[in-house]
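Worksheet for the structure shown next.
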Amino acid sequence: MSRSSLALQVGVLARRSVVRTLRQPAMVIPAVLFPLILLSINSGGLDSATRIPGFPTDSYFQFALALAFVQGALFSSNSAGTNVASDIESGFLNRLALTPLRRLALMLGMLGGILALGLIQAMTFLGVGWVFGAEFEAGIPGALTIVALSLLISLGFGCIGAFVALRAGNGEAVQGAFPLLFAALFLSSMSLPRNLIENDWFQTVATWNPVSYMLEGIRSLMIEGWDPEALALGFACAGGIALLSLLAASSALRTRMVRT
Amino acid sequence: MSRGSFTSVARAVGWRNIHNWVSNPALFVPSLLFPLFFFMAFAGGLSRVDSVPGFDYDAGYTTFVYGFVLLQTSAFGGVFTSFGIARDFESGFSRRLLLSAENRGGIIGGYWLAGLTRALMSITVITAIALLTGLHIDGGVVDLAGLYVLVLVVNAFAMLAGTGVAMRLRTMQAGPAIQVPFFLLLFMAPVWVPYDLLTGWVDTAAAFNPFTLVLEANRGFLAGDPTKVLPAFLVVLALVSVSLLWARGGLKSAERAA
């Protein structure tokens, strides 16, 4: 199969994936709205935490803004998984298996919807942050880096959702996996910087949890400016998860196509 | 209609729902795990917050968070039970139930029994884990009785409010309409810090939020210093009364549709 044919297949499937995601307000609106609601509640409820000695900023809103990006990405997992599960349940994947479509094209095409949703989320959260007075210490290049990191995180979580759907073949399993990803967010440095977490066991869990580094990568660009270590760790953790979950999803897709 | 028929319908519906909940890991495990995640994340990750000037709660941050998680567990026990009602309508079971039940009020009674059992089991698990991880209770037996009765009344309110929605919409898509208002009520209260330390619009929302009173009463019971007990009970009992009428209206709507 020629390269242009592969590009055509990816293009058609990516377009379908993007249009399908955007046509489902029930998928897009909560994925944007819920992180903003939680951001707003956290900012009012925990603003006094900025009085803890050593807290890196005097605005909890600015600190918590990074959480919206990662939480939004978690919703990508749900939406990607639900879409793939629906394709399996409706028999769409079975029909595709009868065509000369390449698995790589199918996989790349499915990612189109995840990235489109991730982009909408990232731009909305940046806009809300800017409107409500968050400062981006790293400037416009920093904001663009935040969008890039946020998309990579969305891709990683989205592929986890797709993997679960391809393995299990139903939407219920995707919904069941969602709380586990949510737990990863809760057991991270989402509410306080790691050095200010008092409980040793929680600090240890947060230190081993890659979600902490994703949050800290985004946060560093807003609060500290360019911090190469935080950024390298953030991109490495997000990229590592994206790569592993993409490989896992590809493998699950191969198995699913063979079954078909 | 005899009282006996109400009881027998309630027992049958309650037993079926409890059995479904316990025997389905996809329903049972998350309902126990979610409050635990909240407890661990807040008590473990935010314990330093008790060093903020103005944070005066002597029983400690774990106990402070337990007061919230208890309320959350109880409320969501009721909310998730009403999800079961929506599921029963989708599967067609409720239609058959409405046709066969001698006393239809017993159906709501049965769901309430299921919600209560669910809350009691979740509360037992969360309390055992909280005690193992540093929960410090200064309140006496009477305080604890007040605490658990109060949160179980909240459980009834959540179940009845959710039932009203589920019986009117009769689809699982009613889930967000049931869950989101409770989620907002819970988190627009002084969850992480005392009321005096809230800022911005959350401070205003908490002032009008009935769950603020319940949380403050919970934390007072736990600290052995009962606070705002009467207003909390009055508000919650008023909410139960209103939601009972709401649930009854939902039942009538479902009867008309059946």
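Taking springs between alpha-carbon atoms closer than 10 angstrom, which of A:Leu65, A:Leu180, A:Leu106 fluctuates most in the Gaussian network model of chain A?
A:Leu180
What are the ³J(HN,Hα) couplings of the range A:222-230, residue after residue, when phi is run through the Karplus curve with 6.51, -1.76, 1.60 and θ = phi - 60°? Round to Hz, x for glycine and proline.
Computed from phi, the couplings for the range A:222-230 are 8, 9, 9, x, 8, 10, x, 5, 4 Hz.
Computed FRET efficiency, Cβ-Cβ of A:Leu22 and B:Ser100, R0 35 Å: what is it to the nearest 0.05?
Taking R0 as 35 Å, the efficiency between A:Leu22 and B:Ser100 is 0.15.
Shielding by partners for B:178-188, please: the mean number of other protein chain Cβ atoms within 10 Å of each residue's Cβ.
Mean shielding by partner chains, rounded to a whole number: 2.
Please build a GNM for chain B, connecting alpha carbons under 10 Å apart, and tell me which residue among B:Phe42, B:Phe64, B:Phe93 fluctuates the most.
Top of the fluctuation ranking is B:Phe93.
Cβ under 12 Å from B:Arg168's Cβ, B:Arg168 left aside: what net charge do those residues give with Lys, Arg +1 and Asp, Glu -1?
That works out to +3.
Would you mind giving the mean number of other chain beta-carbons within 10 Å of the Cβ of each residue in A:36-46, as a whole number?
So the per-residue partner count for this stretch is 6.
Using only atoms on other chains, find how many Cβ atoms lie within 10 Å of each Cβ of peptide B:46-56 and report the average.
Per residue, the number of nearby Cβ atoms from other chains is 5 on average.
In debye, nearest 20: dipole of the range A:1-140 around its Cα centre with unit charges on the Cβ of K, R (+) and D, E (-)?
In debye, rounded to 20, the range A:1-140 gives about 860.
Which value, in debye to the nearest 20, describes the size of the charge dipole of the range A:191-260 about its Cα centre when Lys and Arg Cβ atoms bear +1, Asp and Glu Cβ atoms bear -1, and nothing else is charged?
Roughly 680 debye for the range A:191-260.
For chain A, the longest stretch holding no chymotrypsin sites (Phe, Trp or Tyr not before Pro) located in a DSSP loop with at most 16 other Cβ atoms within 10 Å is which?
In short, A:1-131.
Quote the charge dipole size of the range B:3-257 about the Cα centre in Debye, to the nearest 20; the model charges only the Cβ of Lys and Arg (+1) and of Asp and Glu (-1).
1420
May I ask you to list the residues of the range B:134-165 whose amide nitrogen lies under 18 Å from a point 7 Å from Cα along the Cα→beta-carbon direction of B:Glu90?
B:162-165
Run the paramagnetic zone check for B:Val125: 7 angstrom along Cα to Cβ, then residues of the range B:32-48 with backbone nitrogen under 17 Å.
B:32-41
Show me, for the range B:147-163, the HN-Hα J-couplings you get by feeding each phi into the Karplus relation (A = 6.51, B = -1.76, C = 1.60, θ = phi - 60°), rounded to Hz, glycine and proline as x.
Each residue of the range B:147-163 in turn: 4, 6, 5, 4, 5, 6, 5, 4, 4, 5, 4, 4, 5, 5, 5, x, 4 Hz.
Highest GNM mean-square fluctuation, chain B, Cα pairs closer than 10 Å: which of B:Val236, B:Val191, B:Val52?
In this elastic network of chain B, the residue with the biggest mean-square fluctuation among B:Val236, B:Val191, B:Val52 is B:Val52.
Bear in mind that the values in this text are calculations on the coordinates, not laboratory data. Since the model is a prediction, treat every value here as computed from it, not as a measurement. When we count neighbours, we look across all protein chains shown, and the Cβ atoms used for this are built from the backbone with ideal geometry, even at glycine.
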